[in-house]
1. With labels modelled as points extended 7 Å from the Cα through the Cβ direction, what inter-label distance (nm, one decimal) is found for LEU213 paired with GLU21?
2. Along the charge dipole of the stretch 147-286, Cβ charges K/R +1 and D/E -1, which of ILE177, LEU285, GLY255 sits furthest on the positive end?
3. Compute, for the stretch 49-124, the length of the dipole vector about the Cα centre, with Cβ point charges of +1 (Lys, Arg) and -1 (Asp, Glu) only. Units Debye, rounded to 20.
4. How about LYS94: which lysines have a C-alpha closer than 27 Å to its C-alpha, ignoring those fewer than 8 places off in the same chain?
5. Could you list which residues have their amide H under 5 Å from that of VAL5, counting only those 5 or more apart in sequence or on another chain, with H placed in the peptide plane?
6. Where does each of 202-211, 114-123, 140-149, 283-292 land if you order them by average Cβ count within 10 Å, highest first?
7. Would you pull out the residues with amide H under 5 Å of ALA33's amide H, same chain only if 5 or more places away, H placed 1.01 Å from N?
8. Of the listed peptides 49-57, 17-25, 265-273, what is their order by residue-averaged count of other C-beta atoms within 10 Å, with the highest listed first?
Amino acid sequence: MKVAVYYNNRHIEIEERPIPEPGEGEILVQTKACGVCVGDTMEWYLTPRAPLVLGHEATGIVARTGKGVKNFREGDRVVVHHHVPCLVCNNCLKGRYTSCATFRSTHYNPGGFAEYFIASAHHVAVDTLILPDQLSFVEGTLVEPLACVIHALRLAAVKPEESVVLVGTGAMGLMFIQLLLHYGIRKLVVYEVLPWRQEIARRLGAPVVLTPLEDPDKEAERLQDLLSAEGADKVLVVAKDLSAINMGMRLAGRGGTVLLFATTHPEEKVDFYPSRIFFYEQTVLSSYSADHLDTRAALELLSQGVIDTRTIITHTFPLERLSDAILHTQGRKESLKCVIEL
Ligand SMILES: [Zn+2]
Ligand SMILES: [Zn+2]
């Protein structure tokens, strides 16, 4: 089978490897599609561990089942979540599945950017889902990213009556918009610098889409006029630039929450005023990945057509062009979600 081995964003080699055999409780999945994540473009995070096989947003067909597999059969269309919690550790028992050590260490073998991969017995038991017929393999790759959006909205506990500021409208930001509107949020102010993305945000129903002003204090004033309140109840920063985070922190109101959805480079830091957070009783939190409850919710919402998948998925590439797909995702040229189709 063909496997795309990652060295860096511009250096990916297609290797020939034997198709693995599924062990007890495992399934062999023939990959049909796998999304490229912004995480797949972060060289500072990836190259120290290279060579490696990326791809964690895969869908495919069950090609073979290992001994003892009862709930899946050959030919089933599936979406496999790459991280699965143990369900019994201290973190899991408190519902913090994404902090579980098992969760963090589980992944497909070898990865989604390969013609086949093995889903372990634990993957099969906890977070392998049947892809309904109305969703294509390519659309199904949005289960994991959408689950991350759901996870963030759960943590931020956004309520319909609240005002929400969203910073950044890449593929994830645009899914946030659709979900927020679906959840009944009407006081929504979206910030985006790229005009073509602003256009899509408006088309998807975002009521107010703005180019952020250079000075966060000035932006806070403008927002105050828009919301008739001193800042937003919830600020979702779906961008990894420090300027976006700085502005997001400035735009939260009294009792407000700032949720950081993307990671900066580990050496970047933000200056903030603890006094403002204190007197305003604000919360700053972050959201990492998604759990098995989020993937189920995501699959349901995708099946119901809540997300305009055609707008979100702008490009598909063959496995051989993975490097192009990664560079597209990184370059933010007129592309949103790139998916590898096999
Ligand atoms: Zn992802
Ligand atoms: Zn656990």
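1. For the pair LEU213/GLU21, the computed spacing is 6.8 nm.
2. ILE177
3. Here the size comes out at about 280 debye.
4. Candidates past the 8-residue exclusion: LYS159, LYS234.
5. GLU13, ILE14, GLU15
6. Values: 202-211: 16.4, 114-123: 23.5, 140-149: 27.3, 283-292: 18.3.
Per-residue mean Cβ counts within 10 Å order the peptides as 140-149, 114-123, 283-292, 202-211.
7. Placed amide hydrogens put THR59, LEU342 under 5 Å from ALA33.
8. Numbers: 49-57: 19.3, 17-25: 13.7, 265-273: 10.1.
Ranked by mean Cβ neighbours within 10 Å, highest first: 49-57, 17-25, 265-273.
The values are calculated or read from the model by the stated rules, or taken from the named source; none is laboratory data. Model, not experiment: these values are computed from the prediction. Cβ coordinates were reconstructed from backbone atoms using ideal geometry, including for glycine residues, and neighbour counts include every protein chain displayed. Accessible surface areas use protein heavy atoms only, side chains included; no ligands, DNA or RNA. Shrake-Rupley method; radii C 1.70, N 1.55, O 1.52, S 1.80 Å.
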